[in-house]
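Data block below; observations after.
Coordinate-derived values only; no laboratory data. Quantities reported herein were computed from a predicted structural model and do not represent experimental measurements. So basically every Cβ, Gly included, is an ideal-geometry build from the backbone, and we count neighbours across all protein chains shown.
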Amino acid sequence: MISSLFSSLKRYAVIRSLAFILLGIATLIDPYGVFKILVYIIAGYNLVLGIINLIDGLRNKQMTGFNFKIPIAIFYLLFSVFIFKFADPLFSMITIFLGILIMISGLSKITQAFNLKKFVNVPWISVLLYGILLFIAGLVILRNPFATKLVFYQFIGILLLFTGISELITYFRLKKYDIS
């Protein structure tokens, strides 16, 4: 069983890594466009699931009466509309929440630095500077969450690019080993 898992992972490693690389490059070039495409894909997927469950539920309802697939279908349909309409504001709220968390972390580091100052031979200035940088970064995110959102998308693009490259390198390094 484990060998078939490794075999399956190995078999699709190149395709997976190329997909990560292409998605990473696309996200770096047009982060908002990729986000919109992903929103359409997720909303469309839920819409299709809702329609399939609704059709199946209505067919089964005629034969058996009440069917639990109808409420599930309604949930999928409403969820797809919710994702489509509110994806952008929800993501903006996440960046605002992230900004608040980073500010709190910065304040925590500043407090920690002043506590470290009491001890002899303990470097506290670097912790203080790090805390100040975190606090300022949190303020920047809170002042302009929409611009921060685009930077966050580009960061995700960089992560996808590095993930794809890393997976490709790992594939070619482990290609000579037979793990089946």
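Where is the GNM fluctuation largest for the chain (alpha-carbon springs, 10 angstrom cutoff): 30, 56, 88?
56
Would you calculate, for the chain, the mean residue ellipticity at 222 nm contributed by helices, counting each DSSP H stretch of 4 or more residues as -39,500 (n - 2.57) and dividing by all residues, to the nearest 500?
-31500 deg cm²/dmol
Using the reciprocal of the averaged 1/r over all distinct C-alpha pairs, how large is the Kirkwood radius of the chain in Å?
20.8
Please return the longest range in the chain lying between exposed loop sites, taking trypsin sites (Lys or Arg not before Pro), DSSP loop only, at most 14 other beta-carbon atoms within 10 Å, and leaving the sites out.
Looking at the chain, 1-116 is the longest stretch - no exposed trypsin sites (Lys or Arg not before Pro) with at most 14 other Cβ atoms within 10 Å.
Under Stokes-Einstein, with the Kirkwood radius over Cα pairs standing in for Rh, what whole-number D in µm²/s applies to segment 128-168 at 25 °C and 0.890 mPa s?
Using the Kirkwood radius from Cα pairs, D works out to 208 µm²/s.
So if R0 is 45 Å, what FRET efficiency would residue 38 and residue 118 give, r being the distance between their Cβ atoms, rounded to the nearest 0.05?
0.35
Taking the chain as the reference, fit the longest principal axis to its C-alpha atoms, fit the long axis of helix 2-11 to the helix C-alpha atoms, and give the angle between the two in degrees, 0 to 90, nearest 10.
Approximately 90 degrees, to the nearest 10.
Scan segment 92-180 for chymotrypsin sites (Phe, Trp or Tyr not before Pro) in coil per DSSP, keeping those whose Cβ has at most 10 other Cβ atoms within 10 Å, and list them by number.
119, 177
Could you derive backbone 3J(HN,Hα) for segment 106-113 from the dihedral phi with the Karplus parameters 6.51, -1.76 and 1.60 (θ = phi - 60°), listing whole Hz in sequence and x where the residue is Gly or Pro?
The phi angles translate into x, 4, 4, 5, 4, 4, 4, 5 Hz.
Which angle between 0 and 90 degrees, to the nearest 10, do you get for helix 125-143 versus the longest principal axis of the chain when only C-alpha atoms count?
40
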